[in-house]
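**Q** Here it is: the structure, laid out below.
The values are calculated or read from the model by the stated rules, or taken from the named source; none is laboratory data. The model shown is predicted, which means the values in this text are computed figures rather than measured ones. A quick note on method: Cβ atoms are made from the backbone with ideal geometry, for glycine too, and the neighbour counts reach across all protein chains shown. What goes into the accessible areas is simple: the full protein's heavy atoms, side chains included, and nothing from ligands, DNA or RNA. Shrake-Rupley method; radii C 1.70, N 1.55, O 1.52, S 1.80 Å.
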Amino acid sequence: MEQQIASDRPGTVNLNAALDDSIWTGRQKLILALIALAYLTDGIANQSMGLAIPALMHDWGMPREAFASIAAFGLLGLTLGAVVGGMLGDRFGRRTTMIASTAFFGAMTMAQAWVTNPQELLALRFLDGIGIGAMIPNGAALISELTPRRERALALAVGMTFIAVGAMVAGLIGNLLLDPYGWQGLFLALGGIALLVAALLFVALPESPIYLVNSGASQERLRAVAARCGLKLGEGTIGANTPDKASTHRTPLGALFTPDVASSTIFLWIAFFFCLLANYAMFSWVPAMLAALGFKLSLTSLGMTALSLGGIVGGVGCGWLIKRFGSRATVLSLGSGGVIAALGLGLMIMGEVKSLGVILASLAVIGVFSAGLLNGLYTFSALIYPDHARGTGVGAAAAAGRVGAIASSWAGVIALGIGGASSYFLLIAGALAVSVAGVALIRRQIPKAV
C-alpha cells in the first residue's frame, strides 16, 4: 500500500518527517522481512564454529583449549567488520554493503568445509567474521531508516531477533547433519544458505531513501525508491534533516563523541562489551560444556537451540516492552533477569543437577533475558546517533561488543577449566551484571511510544 505524504512546507518534502509520520506499510514490513532473513543467515554462519568444535575435537584429536585462538580470530574479524562495515555503509550505501558482506561470509563459511589443519581454519574464520560483522550495522541502519518512528524500536527488535532464530536453525541443522555428514557437511550447508539469501537481497532489497537523499541522489531516483518502500511523496523538492552534514558521507568516529552523545557512547560500549562477552561465552562453549557433562555429540547442539529459542522470545518482547514502557526500565529489567537466571543455573549444576531437560529449560530462560538486553543495546545504538553517522555508530558499538566476544573465547574455556559448568555460568552472570550497570549510566534513551 502506498501512502500520500504532504510537504512540510511549500515546495519541499522532508523525508525524515514524512517517514516518521507515516503508517507502517506492507512494503516496509516486507523489507523488514528481507533484512530479518539476512540476519538469520548471519546467526547461522556465526554459530557454525561453535557447532563444529566437538566434531573437530574428535576428528583432529585436539582439546577444546586448542580452538580458543580460532574462535578469537573469528571474533577479531567480527570486530573489524563491524567498524569497517558501518563506515562503508555510510559511505557507499547500506544495501550494497549488506549484500556484499552476506555473500562474502557465505562463501567463507562454505570454504571451511575443505580445511585440513587449524591454521587454515583460523584464517577462514577471520575472513568469515569480517563479513558477518559488516552486515549487522547496515541492517540496523536500513531498518531504522525504513520504519515509522513509533514502530522503530519494535522493528529493530524483530530484525535483530532473527540472529537468534538463525542460531536456533543452525542448531537444528547441526543436529541433523553432524552425525551423517560431519563438520564438512555442516559448513557447506550453512554457508550455502547465506549465498542464496544474498542473491535474494540483490533482487528485492531497496536502498534507504534517507541515505540516498543525504548522498545527493536525483529526485527521480528518490521518488522511485520511496515508492518501492510504500511512500508516494507529494510535489516539491525532497530533502532530509541534515543534508549539509551528510552530503560527503565521511563520518569519522569523532561524530560519536559530540557533547550530546559522548557519555552515552562510552557507557553503550561498556554495556556492549560485557553483554557480548556473556552471549558469546554461551554460544561458543555451550556445546562443549554439555559434552563435558557427559551428553553425547548429537545432543550438544540442543543447548544452542534452547538459548536461541529463548532469544527469539526475549528479542521480540524487548521491542514491544520498549515501545510500551520505555528503554531504561525494559532493558534494566531484562538484564537483571539474565543475571539471576545464570546464577541460578550455575548453583543448580554445583548442586549436582545434571538433567538435560532442566539445563535446556534454564538455558532458554537465560536466552530470553540476555537477548532482550542485547536487542535493547542495538536499539539504543541505532537511534541515538544522527542519520549521517548511524552506520558508524552502530558499527562502533557492535565492535566494542566484539572485543568482549573475543575475550569470551578465553574466558569461557578458562572458567570451564577452573570449575566446570558452575563457574562457567558464574562468569556469565558477572558479565551480564556489568552490562546492566553500563545501561544504567546511558543518558540518552528511547522515549515511550518511539
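**Q** Mind grabbing the base-10 log of I(q)/I(0) for the stretch 86-162 at q = 0.26 Å⁻¹? Debye formula, identical points on the C-alpha positions, no solvent, two decimal places.
**A** -1.09
**Q** Using a Gaussian network model of the chain whose springs link C-alpha atoms within less than 10 Å, name the residue from Ala226, Ala217, Ala164 with the highest mean-square fluctuation.
**A** Looking only at Ala226, Ala217, Ala164, the biggest GNM fluctuation is shown by Ala217.
**Q** Give me Rg/Rg_expected for the stretch 279-421, where Rg uses Cα atoms only and Rg_expected = 2.2 N^0.38 Å with N residues.
**A** On the way: Rg = 16.4 Å, N = 143, 2.2 N^0.38 = 14.5 Å.
Cα Rg divided by the expected 2.2 N^0.38 Å: 1.13.
**Q** Continuing with this model, one more query. With a 1.4 Å probe and all protein chains left in place, how much of the accessible area of the chain comes from carbon and sulfur atoms, in whole percent? Mind showing how you got there, number by number?
**A** On the way: 10760 of 15770 Å².
Exposed carbon and sulfur together represent 68 percent of the surface.
**Q** Another question, then. Could you tell me how many degrees, from 0 to 90 and to the nearest 10, lie between the Cα long axis of helix 118-145 and the main elongation axis, the longest principal axis, of the Cα atoms of the chain?
**A** Once rounded, one gets 30 degrees.
**Q** Counting GluC sites (Glu not before Pro) as exposed when in a DSSP loop with at most 11 other beta carbons within 10 Å, what is the longest stretch of the chain free of them? Provide the component values of the computation, followed by the final result.
**A** On the way: sites that count: Glu235, Glu352.
Here the longest run is 1-234.
**Q** Compute the accessible area per residue over the chain, keeping the other protein chains in place, probe 1.4 Å, unit Å². If you can, show how the numbers build up before the last one.
**A** On the way: 15770 Å² over 450 residues.
Value for the chain: 35 Å² per residue.
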